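What follows is calculated from the coordinates using simple rules that are stated; it is not laboratory data. Note that the coordinates shown come from a computational prediction; the quantities given were computed from them, not determined experimentally. Ideal geometry is used to build each Cβ from the backbone, glycine not excepted, and the neighbour counts take in all protein chains shown.
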């Protein structure tokens, strides 16, 4: 096909309203912020609309959340949810299956108050709680009652019912697709970042969760500025949820 014919065909397609395929989009959340000041500040300096999720009641959460907000980043509450066998590593005020509805609501409200500017919630751990419809129903009803909050299922178990309950309750929600650093080695982070881009090209969009590990931050500092060259757009997580 000649260059002239290609140009003519492109003009014809545009005139007829046929557009090229949408650019693949990815969103990235950095979890587990709130304990370490230096790592948190380094994460918040990542380029583009990366979102940051803060553990409630941690010593640096409020200050770092304000810093992220001032830099135009989206802030999330990283809500501790009970995991299978999590007793030894439970965060303060974790939501667990033995909580009353009233206590669950109080815990969520106080957690949100400890993380200023939070526009959404994603679960910390939660491989036990997210498989229980009753507790997830309570949680989603409480999230819905706060108005405007969305939920990201960190998907720590394939038995999670979080998305189903969120949909039934009217809470905007999506599930993460990739953990960037299931182990914090540079090789693993590079492999999972490549998988994130591949999923986005195959499906049109994908969501990743990472942590403020040195290897994760180093890769994102290096690779995020190159995404446009790869034909991929980095977008805010709220754009993919809503």
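Key figures
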item: FRET efficiency, residue 230 to residue 183 (Cβ-Cβ, R0 25 Å, nearest 0.05); result: 0.50
item: Paramagnetic reach from residue 145 (point 7 Å along Cα→Cβ, amide N under 19 Å) across segment 152-170; result: 165-170
item: At R0 = 41 Å, FRET efficiency that the Cβ-Cβ distance of residue 194 and residue 137 yields, to 0.05; result: 0.65
item: Cα long-axis angle, helix 186-203 against the chain (0 to 90 degrees, to the nearest 10); result: 60 degrees
item: Between 0 and 90°, nearest 10: helix 3-15 axis offset from the chain longest Cα axis; result: 50 degrees
item: Rg to Rh quotient for the chain, alpha carbon positions, Kirkwood Rh; result: 1.04
item: Computed FRET value (nearest 0.05) for residue 168 with residue 110, which takes r as the C-beta separation and R₀ as 25 Å; result: 0.45
item: Computed log₁₀ I(q)/I(0) - Debye formula, equal Cα scatterers, no solvent, segment 112-242, q 0.09, 0.18, 0.20 Å⁻¹; result: -0.29, -1.07, -1.21
item: Extension gain, residue 84 back to residue 71 (0.36 nm per residue minus Cα-Cα distance, nm); result: 1.0 nm
item: MRE, 222 nm, helices only [DSSP H, n ≥ 4, -39500 (n - 2.57), over the chain, to nearest 500]; result: -12500 deg cm²/dmol
item: Principal-axis tilt of helix 214-223 within the chain, Cα atoms, nearest 10 degrees; result: 30 degrees
